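Please read the structure below before turning to the comments.
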Amino acid sequence: MLIKDVVCPFCGCLCDDLDVEVEGDRIIRVDNACTLGSSTMVGDHRLKNPIRRNGTRWEDTTYDAAIEEAAQILLDADRPVLYGWSSTHGEAQSLGVHLAELIGGVIDSTTSVCHGPSILAIQEVGHPGCTLGQVKNRADLIIYWASNPIDAHPRHMSRYTTYATGFFVQDAQHDRKVIVVDTRRTQSADVADEFLKIKPGGDYAVLLALRAIVRGRADVVPAEVAGVSRVQLIRVAEMCKAAKFGAIFFGLGLTMTAGKNKNVRNAIELTDELNRHTKFIISPMRGHWNVYGSNEVFTWMTGYPYAIDFSRGIAFYNPGETTVIDILSRGECDACLVVASDPAAHFPRSCVEHLAKIPVIQIDPHPNATTHICRLQIPGSVAGIDAAGTAYRMDGVPIRMKSIINTGIPNDTEILQKLYNRVREARGE
Amino acid sequence: MTELIIKNACVFDPMQNIHGDIMDIAIRDGRVVESVRNSADVIDAEGFLTLPGGIDSHSHVCGTKVNFGRYMSPEDMRAGRTARRGKMHVTSGYYVPTTYGNSYRYSAMGYTTVLEGAMAPLEARHTHEEFTATPHQDMLANTLFDGNWSIMEAVAKKDEQRAAAIVAWTLAAVKGFAIKLTNPGGTEAWGWGEDITGIRDTVPNFNVTPADIITTMMKANELLRLPHSVHIHCNNLGRPGNFRTTLETFDLVPDLNPNRQTLYATHVQFHAYGGTTWRDINSKASEIAQAVNAKPQIVMDMGQIMFGRTMTMTADGPMEFNLHCLHHNKWSNHDVELETGSGIIPVLYSKKSLVNCVMWAIGLELALFTKNPYQCLLATDNPNGAPFVKYPEIIGLLMSKRYRDEEFSTLHEGTEQRTSIAAIDREMDWNEIAIMTRAGQAKALGIALQGKGHLMPGAEADVAIYPIKCREVDPATEYRKVVEGFQKTRYTIKRGRVVARDGDVIVEGANSTFWVNPSVPDEHNMAHDKEFVKKFEEYYTVQMGNYPVQDVYLPRGRCIGTEADL
């Protein structure tokens with residue numbers, strides 16, 4: 001059976017035009033997806049049932065028994081952290097917030113280790129952005145800053161920017177200019193009209209120089225800024241001012257290098273400045289398909305996009321203190337519920353070492369690095385494959401993920417609802 | 001069968017011409033009925049002021065830009081924090097509270113129905129998700145059509161039927177309630193960083209003017225027989241001298257519906273400025289109110305500002321950028337492809353600012369100069385003019401000249417020359433307040449037939465009992481009792497259940513979302529229109545099949561069907 005307009009559960013592009021052929025409970029072919037999306041859809045390395053650690057061995061268990069054990073772990077904890085959430089649907093994220101509130105825990109998402117600094121910058125200066133269709137239909141200048149869409153968001157350029165035909169941009173290749181800014185020449189840089197090669201750590205200075213030039217103060221810019229010549233900077237600033245509609249897309253090269261949120265703030269302020277000359281927008285390239293959704297859901301429920309600590313009874317937020325890395329590195333956390341993510345593969349060694357010492361429950365369909373340090377793993381179905389649910393694209397457009405096959409595996413919402421009910425019941429509520 | 005009787009209530013129900021009668025209200029299964037059995041639960045209202053549940057016909061509480069207002073403002077979240085307690089979830093925020101914060105505070109104030117003022121169709125799913133997390137109010141969503149490409153093309157062809165068909169398809173797809181035009185044409189111009197300066201300007205690339213859009217949409221609205229009228233945020237918001245644009249817009253309004261207005265103009269305070277710059281801004285509330293007094297086919301809401309910190313958020317992207325250039329505070333913008341724009345910036349309304357003082361006066365003047373309270377409703381364009389928790393103070397100001405004078409004496413001294421507020425003696429009565437916050441709101445939204453805004457048998461049993469002995473309190477002098485009384489009901493009853501008592505929410509809510517599904521003949525079904533479908537395929541970034549909001553997002557959706565006259 002061919003199912004059209006399937007939404008891809010891989011990256012923040014959330015492409016919703018996949019044609020997927022299914023046979024019974026298997027996906028046998030995927031069209032329109034990139035290789036990352038395809039392999040996500042057809043990949044078949046999922047756990048069949050919950051497993052629990054028994055000494056040095058794994059043993060199979062039932063969902064009910066696993067949920068009971070998970071509930072006990074959370075009930076016994078003084079400082080539980082509920083982490084992950086970026087690869088599950090919004091309905092599960094919402095239950096995560098309720099659960100964290102109930103047990104006085106901390107809820108944090110993978111945002112903490114990717115675009116958390118972007119959010120801090122937005123909280124300082126705002127965010128002039130738009131939906132991706134505005135860029136597709138209008139933009140004649142695209143800037144990829146410290147991001148590499150060809151590798152990380154393979155269809156971003158063809159669906160929304162460089163190669164996408166838009167209402168006011170009928171001949172995309174001819175009508176659009178592309179600028180790539182990075183510390184090394186990437187494949188994305190190869191297709192750019194202009195490539196700014198910055199010395200590592202130089203983003204802040206280059207952004208500042210561009211702001212000065214756009215403000216009419218090229219005279220204060222030295223001949224070279226972090227490896228980029230003033231001549232090139234002036235050329236780029238003029239390209240920006242001459243554009244009818246410009247769009248900056250930035251990645252972790254800006255958020256997770258020296259300067260962090262201040263880099264992003266500078267980029268936003270450059271965008272702001274450019275709006276005094278023409279139309280310009282800026283957008284983070286969000287990684288996980290629903291990491292932005294976790295920010296949205298957490299925000300409408302608690303007021304904060306990530307790193308929310310309920311231990312005081314109220315929602316408390318202080319990145320640097322209530323962020324997962326900080327809590328783990330202080331050795332504070334005494335139980336962790338990991339949902340739809342793989343911290344053991346991404347966190348600093350000291351944090352993973354701490355996780356290995358405490359009870360970790362993982363709700364994830366796949367065995368991954370975190371499996372090796374967890375006490376219990378409960379597989380859920382995957383939104384977009386065998387579960388339905390809401391996801392938010394990198395630009396904030398909410399899309400309904402479809403369930404295209406039926407595996408009979410409970411979805412994350414069902415698992416979390418049972419866990420929530422069990423904890424509530426145990427606390428006599 | 002659940003039954004409840006509210007005894008000894010001092011009822012104001014303007015639609016039934018009940019003005020302070022002491023009476024009982026019988027409720028069965030969520031509806032007002034003639035009588036109930038003796039075994040019914042009893043609430044003794046002790047002669048307290050009892051009104052139909054409050055309705056907010058224009059508020060920003062859910063959706064993409066509201067949530068972005070929260071997202072960018074952790075500083076606000078520290079302001080309104082409450083802990084988890086009983087059935088109440090944690091809340092945060094003062095001017096952009098969390099969904100639960102909004103819901104609980106509205107409940108405490110006796111509000112049971114709220115209309116979200118602006119929903120971008122492409123992002124409607126988000127609004128509905130937040131609606132389900134706003135548990136204690138029935139919700140409705142104004143749907144933005146101001147920069148809709150398909151609409152503008154239909155307008156350019158002067159094809160009202162096609163415009164109506166596009167509205168019908170869109171409202172049904174996104175589960176929207178009414179047509180909203182925010183700075184019509186201006187939001188499309190903002191796609192290029194430009195704006196519209198008057199209703200006769202041409203929208204770049206589309207060969208239509210705001211006047212064309214407004215006129216066509218008013219007719220399309222009636223062709224679809226929608227419960228509410230076109231809901232407009234006029235062009236030129238917040239610009240000195242903009243009252244002319246507002247009056248020109250009002251001049252466009254024909255009388256197309258015998259049962260309600262043909263145009264609802266929102267937050268008119270922001271559209272009633274005289275002068276040419278911020279230096280000589282003055283009130284033109286009197287001119288605006290005169291126009292409204294002469295045209296029963298127009299209803300407006302005040303858009304009252306109140307002093308203090310808040311967040312402005314609107315689909316009017318260019319206006320927000322201008323405001324940002326003025327305030328130099330943080331600025332967010334979010335344009336939505338083929339549809340609309342939006343912007344967000346925080347503001348502080350200060351008594352030291354003459355402009356802000358003039359704005360404060362204009363809102364009140366609009367209400368006090370408008371003869372028929374059904375034509376000027378109470379709202380702050382929450383949170384733009386002020387957070388809705390300020391409504392009780394506004395009620396106090398409308399009911400008491402002395403309170404106004406006291407406030408006025410603390411304002412910038414230039415306010416007197418720029419406004420007439422100090423010279424107005426009118427003091428509103430309970431009935432007028434009930435109209436401005438209930439009956440008028442329900443009538444303007446066209447939801448009186450759904451049982452909102454009144455307590456006739458068959459009405460939804462949404463009732464607010466305020467701890468105000470309205471027969472004993474003189475609002476003109478005891479305005480503090482009025483303000484305090486409206487801040488916290490003794491009981492808020494939603495569809496026959498007590499949901500809040502003395503400010504505390506005591507049950508988990510189960511709201512409904514009202515939406516409109518106009519039935520159109522097959523030849524006007526846009527799902528089969530080649531040009532419409534092609535536009536989708538080529539220029540939207542989501543597939544047409546993935547655009548409509550699925551029923552699962554409206555767990556308690558209440559569909560209002562209409563038969564289009566196409």
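The values are calculated or read from the model by the stated rules, or taken from the named source; none is laboratory data. Everything quoted here is computed from the prediction, not taken from an experiment. Note that we place each Cβ from the backbone using ideal geometry, even for glycine, and neighbour counts take in every protein chain shown. Heads up: the accessible areas ignore ligands, DNA and RNA and are worked out on the full protein's heavy atoms, side chains in. Shrake-Rupley method; radii C 1.70, N 1.55, O 1.52, S 1.80 Å.
Please work out which one of (1) touching a Phe, Trp or Tyr at 6+ places or on another chain (Cβ under 8 Å); (2) open to solvent by less than 10 Å² (accessible area, probe 1.4 Å); (3) within 13 Å of chain A (Cβ to nearest Cβ); (4) of a type outside the set (Asp, Glu) is the condition B:His334 fails and give its number.
(2)
Checking the conditions here, which among B:Leu326, B:Leu348, B:Leu338 is more than 20 Å from the chain's Cα centre (by Cα), within 26 Å of B:Asp195 (Cα to Cα) and modelled with pLDDT under 95?
Selected residue: B:Leu326, the only one of B:Leu326, B:Leu348, B:Leu338 that is more than 20 Å from the chain's Cα centre (by Cα), within 26 Å of B:Asp195 (Cα to Cα) and modelled with pLDDT under 95.
Which pairs do you get when a residue that is more than 11 Å from every other protein chain (Cβ to nearest Cβ), found in the range A:383-402, comes within reach of a residue that is part of a strand (DSSP E or B), reach meaning Cβ atoms under 6 angstrom, with the pair 6+ apart or on two chains?
Correct list of pairs: A:Ala383/A:Gly389; A:Ala383/A:Met401; A:Gly384/A:Met401.
Considering every residue within the range B:169-180, establish whether at least one is more than 22 Å from B:Asp551 (Cα to Cα), among the hydrophobic types (A, V, I, L, M, F, W, C), over 23 Å from the mean Cα position of the chain (by Cα) and away from every other protein chain (no Cβ under 12 Å).
Scanning the range B:169-180, I find no residue that is more than 22 Å from B:Asp551 (Cα to Cα), among the hydrophobic types (A, V, I, L, M, F, W, C), over 23 Å from the mean Cα position of the chain (by Cα) and away from every other protein chain (no Cβ under 12 Å), so the answer is no.
If I ask for residues that are among the hydrophobic types (A, V, I, L, M, F, W, C) and not in a helix (DSSP H, G or I), which ones from the range A:60-79 would you list?
A:Ala77
What number of residues within the range A:215-251 are over 29 Å from the mean Cα position of the chain (by Cα) and on the phi > 0 side of the Ramachandran plot?
2
Kindly provide the set of residues from the range A:296-309 that are in contact (Cβ under 8 Å) with a residue 24 or more places away in the chain and at the interface with chain B (Cβ under 7 Å from one of its Cβ atoms), ordered by number.
A:Glu296, A:Met301, A:Thr302, A:Pro305
I'm checking my understanding of the structure. Among residues of the range A:129-147 that are part of a loop (DSSP other than H, G, I, E, B) and either without any contact (Cβ under 8 Å) to a residue 12 or more places away in the chain or within 12 Å of another protein chain (Cβ to nearest Cβ) (or both), which one is surrounded by the fewest Cβ atoms within 10 Å (Cβ to Cβ)?
Taking the candidates together, the pick is A:Asp140.
Specify which of the listed residues (A:Gly331, A:Gly380) is open to solvent by 10 Å² or more (accessible area, probe 1.4 Å), over 21 Å from A:Pro117 (Cβ atoms) and part of a loop (DSSP other than H, G, I, E, B).
Exactly one of A:Gly331, A:Gly380 is open to solvent by 10 Å² or more (accessible area, probe 1.4 Å), over 21 Å from A:Pro117 (Cβ atoms) and part of a loop (DSSP other than H, G, I, E, B), namely A:Gly331.
All but one of (1) farther than 30 Å from B:Leu326 by Cβ; (2) not in a loop (DSSP other than H, G, I, E, B) hold for B:Phe250, so report the exception by its number.
Condition not satisfied by B:Phe250: (1).
Going by the conditions given, is A:Ala71 surrounded by fewer than 21 Cβ atoms within 10 Å (Cβ to Cβ), over 30 Å from A:Ser158 (Cβ atoms), more than 10 Å from chain B (Cβ to nearest Cβ) and aliphatic (A, V, I, L, M)?
The answer is no for A:Ala71.
Under 8 Å by Cβ, and 6 or more places apart or on different chains, what pairs join a residue from the range A:193-220 that is open to solvent by less than 50 Å² (accessible area, probe 1.4 Å) with one that is in a helix (DSSP H, G or I) and of a type in the set (S, T, N, Q)?
Note: pairs meeting the criteria are A:Glu194/A:Gln232; A:Leu196/A:Gln232; A:Asp203/A:Asn263; A:Asp203/A:Asn266; A:Leu207/A:Asn263; A:Leu207/A:Asn266.
If you scan the range B:263-280, which residues turn out to be surrounded by 24 or more Cβ atoms within 10 Å (Cβ to Cβ) and out of contact with any Lys or Arg (no Cβ under 7 Å at 6 or more places or on another chain)?
B:Leu263, B:Tyr264, B:Ala265, B:Thr266, B:His267, B:Val268, B:Gln269, B:Phe270, B:His271 - these are the residues of the range B:263-280 that are surrounded by 24 or more Cβ atoms within 10 Å (Cβ to Cβ) and out of contact with any Lys or Arg (no Cβ under 7 Å at 6 or more places or on another chain).
Report yes if some residue within the range B:351-362 is within 14 Å of chain A (Cβ to nearest Cβ) and either open to solvent by less than 20 Å² (accessible area, probe 1.4 Å) or at pLDDT below 95 (or both); otherwise report no.
no
Within the range B:520-543, can you find the residues that are away from chain A (no Cβ under 14 Å) and either in contact with a Leu (Cβ under 7 Å, 6 or more places away or on another chain) or open to solvent by 50 Å² or more (accessible area, probe 1.4 Å) (or both)?
Result: B:Val520, B:Pro521, B:Asp522, B:Glu523, B:His524, B:His528, B:Lys530.
Can you confirm whether the range A:352-367 contains a residue that is open to solvent by less than 10 Å² (accessible area, probe 1.4 Å), among the polar types (S, T, N, Q) and closer than 30 Å to B:Pro121 by Cβ?
No, every residue in the range A:352-367 fails to be open to solvent by less than 10 Å² (accessible area, probe 1.4 Å), among the polar types (S, T, N, Q) and closer than 30 Å to B:Pro121 by Cβ.
Can you name every residue in the range A:174-193 that is touching a Ser or Thr at 6+ places or on another chain (Cβ under 8 Å) and not in a loop (DSSP other than H, G, I, E, B)?
A:Val178, A:Val180, A:Asp182, A:Ser188
For the range B:51-120, which fully contained helices (runs of 4 or more DSSP H) count at least 1 residues that are surrounded by fewer than 24 Cβ atoms within 10 Å (Cβ to Cβ), away from every other protein chain (no Cβ under 14 Å) and touching a residue at least 60 places away in the same chain (Cβ under 8 Å)?
Filter on the range B:51-120 gives B:99-108.
Looking at (1) crowded, with 21+ Cβ neighbours inside 10 Å; (2) within 14 Å of chain A (Cβ to nearest Cβ), find the lone condition where B:Arg490 falls short.
It fails just one condition, (2).
State whether one or more residues within the range B:304-321 are more than 14 Å from chain A (Cβ to nearest Cβ), in a loop (DSSP other than H, G, I, E, B) and either open to solvent by 10 Å² or more (accessible area, probe 1.4 Å) or farther than 29 Å from B:Met217 by Cβ (or both).
Looking through the range B:304-321, at least one residue is more than 14 Å from chain A (Cβ to nearest Cβ), in a loop (DSSP other than H, G, I, E, B) and either open to solvent by 10 Å² or more (accessible area, probe 1.4 Å) or farther than 29 Å from B:Met217 by Cβ (or both).
For the range A:334-371, give me each residue that is in a loop (DSSP other than H, G, I, E, B) and among the charged types (D, E, K, R).
A:Asp334, A:Asp342, A:Asp364
Out of (1) within 15 Å of the chain's Cα centre (by Cα); (2) closer than 26 Å to A:Asp386 by Cβ; (3) not in a strand (DSSP E or B), what's the single condition that is false for A:Ile119?
Evaluating A:Ile119 over (1) within 15 Å of the chain's Cα centre (by Cα); (2) closer than 26 Å to A:Asp386 by Cβ; (3) not in a strand (DSSP E or B) leaves (2) as the failure.
Which members of the range A:94-128 meet the condition of being of a type in the set (D, E, K, R), under 14 Å from A:Tyr317 (Cα atoms) and within 9 Å of chain B (Cβ to nearest Cβ)?
Passing the criteria: only A:Glu101.
For the range A:143-163, indicate whether the set of residues that are within 16 Å of A:Lys244 (Cα to Cα), of a type in the set (A, V, I, L, M, F, W, C) and out of contact with any Leu (no Cβ under 6 Å at 6 or more places or on another chain) is non-empty.
Yes, the conditions are met somewhere in the range A:143-163.
Residues in the range A:151-182 that are touching a residue at least 12 places away in the same chain (Cβ under 8 Å) and surrounded by 18 or more Cβ atoms within 10 Å (Cβ to Cβ): how many?
Adding up the residues that qualify gives 20.
Quick one: which of A:Lys260, A:Lys244 is more than 20 Å from A:Ser188 (Cα to Cα) and more than 14 Å from chain B (Cβ to nearest Cβ)?
A:Lys260
Of the residues that sit in the range B:1-45 and are part of a loop (DSSP other than H, G, I, E, B) and touching a residue at least 40 places away in the same chain (Cβ under 8 Å), which one is most open to solvent (accessible area, probe 1.4 Å)?
Here the residue is B:Glu34.
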